Each structure stands twice: as structure tokens, then as C-alpha cells.
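Have a look at the structure below, then the notes.
The values are calculated or read from the model by the stated rules, or taken from the named source; none is laboratory data. Here the structure is a predicted model, which is why all the values come from computation and not from measurement. Glycine gets a Cβ as well: all are built from the backbone with ideal geometry, and neighbour counts include every protein chain shown. Just so you know, the surface numbers come from the protein's heavy atoms only, side chains and all, with ligands and any DNA or RNA stripped out. Shrake-Rupley method; radii C 1.70, N 1.55, O 1.52, S 1.80 Å.
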Amino acid sequence: MPSTTKLLQAAAGNAGGTLGYVEDVFSTYLYEGTGIAQTITNGIDLDGEGGLVWIKQRSGSGSHGLIDTARGRQSILYSNTTGSATTDSSSTQDLTSFNSNGFSLGNQFNFSCNSLSEDYASWTFRKAEKFFDVVTYTGDGVSGREIPHNLGATVGCII
């Protein structure tokens with residue numbers, strides 16, 4: 001076997017760290033709103049591993065809602081606005097639970113994520129080394145501070 005082939009095989013075998021298959025850490029899932037509680041089963045373990053769900057209405061002009069496991073299911077960040085995250089403490093809120101195989105939606109809507117007969121897209125990102133992390137950080141006005149994370153790699157994007 002040529003040495004270049006051996007080198008490429010060795011590099012491929014060592015690539016990616018702990019990241020396995022993309023379908024274990026990321027999902028694009030299209031669904032129709034029911035207007036009542038429903039579970040979105042996309043195979044992503046948010047309950048045990050943590051992560052973020054991004055939901056956008058496709059059949060209307062609803063906001064982009066981002067909900068993550070670090071801030072909790074009651075905090076929604078609207079990426080298409082300049083406002084800070086909103087908090088909803090009701091038990092039937094937009095996202096009611098992070099599950100071991102996806103997430104569950106309630107029947108109260110601060111943003112449109114489950115309205116009857118509306119079409120939605122959801123993007124789910126699971127925390128995984130060299131792929132995605134969710135952390136909270138409170139700045140102190142001093143520049144040059146490092147934000148700790150568990151990526152094990154150089155950060156490509158911070159929101």
C-alpha cells in the first residue's frame with residue numbers, strides 16, 4: 001500500500017475527536033403545528049447531553065425562536081430582533097421539555113411554534129466536542145476575556 005494512502009487513512013481515523021455521526025448531534029425537522037401539545041422526535045438527546053432548538057414558522061412571518069438547555073426552556077431568544085431573551089414561566093409554554101430523542105411543544109405561544117395548520121422548520125443542535133456548545137456568560141466590561149467552553153477547538157461563531 002502506498003505511504004500516501006496509509007497517511008490518509010491514519011488522518012481520517014483520527015479526525016473529528018468525539019464527534020460521531022452528524023445525525024447524532026444535528027437535525028433539521030419539518031413539522032405541522034397542531035395547536036395542542038405535541039412531541040417532535042428527531043433523535044437528538046437534549047435531555048442527557050444538552051443543546052439548542054431553533055424554530056421558525058415557514059408558512060407565515062413568525063419570529064425565529066432559540067431555546068437552549070443552559071438558560072432553560074422558559075427563555076426564548078428571538079434572533080431576528082434586537083431584544084433580549086423573554087421569559088415565560090407558565091407550564092404550557094412554547095417548548096415544554098427537552099427529551100432524550102427530541103423536544104416537546106405546549107399549547108401556549110409566545111412566538112409561533114405550534115399554531116394549528118402552520119408549517120415549521122426546527123434545527124436542533126446537541127452539545128458535542130468540536131461541534132456545538134451552549135454556555136452562559138456575564139461580561140464585566142473588560143475586553144479581552146475568554147469565555148470558557150467545552151468545544152476543544154477554536155470557536156467559529158458566538159451568538
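Bins of 10 Å, beginning at zero and ending with the bin holding the largest distance: percent of Cα pairs per bin for the range 34-159, please. In order of increasing distance, the bins hold 12, 42, 33, 11, 2 percent. Relative to the current alpha-carbon distance between residue 87 and residue 117, full extension at 0.36 nm per residue lengthens the span by 8.2 nm. When peptides 121-128, 151-158, 21-28 are ranked by their average number of other Cβ atoms within 10 Å per residue, the highest-first order is 121-128, 21-28, 151-158. Shown in residue order for the range 29-39 are the 3J(HN,Hα) couplings computed by the Karplus curve 6.51 cos²θ - 1.76 cosθ + 1.60 at θ = phi - 60°: 9, 9, 8, 9, x, 10, x, 10, 4, 8, 10 Hz (x for Gly and Pro). Using the average count of surrounding beta-carbon atoms within 10 Å as a protection proxy, the listed peptides 68-75, 135-142 rank, highest first, as 68-75, 135-142.
Nearest 0.05, what FRET efficiency do residue 24 and residue 97 give at R0 = 30 Å with Cβ-Cβ as r? Please report the intermediate quantities before stating the final value.
Working: r = 20 Å, r/R0 = 0.66.
That gives a FRET efficiency of 0.90.
Expressed as a whole percent, the accessible surface of the range 16-87 that belongs to carbon and sulfur atoms is 49, based on a 1.4 Å probe.
Could you give the size of the charge dipole of the range 109-159 about its Cα centre, using +1 on the Cβ of each K and R and -1 on the Cβ of each D and E, expressed in debye and rounded to the nearest 20?
Numbers: 4 positive and 6 negative charges, 33 e Å.
About 160 debye.
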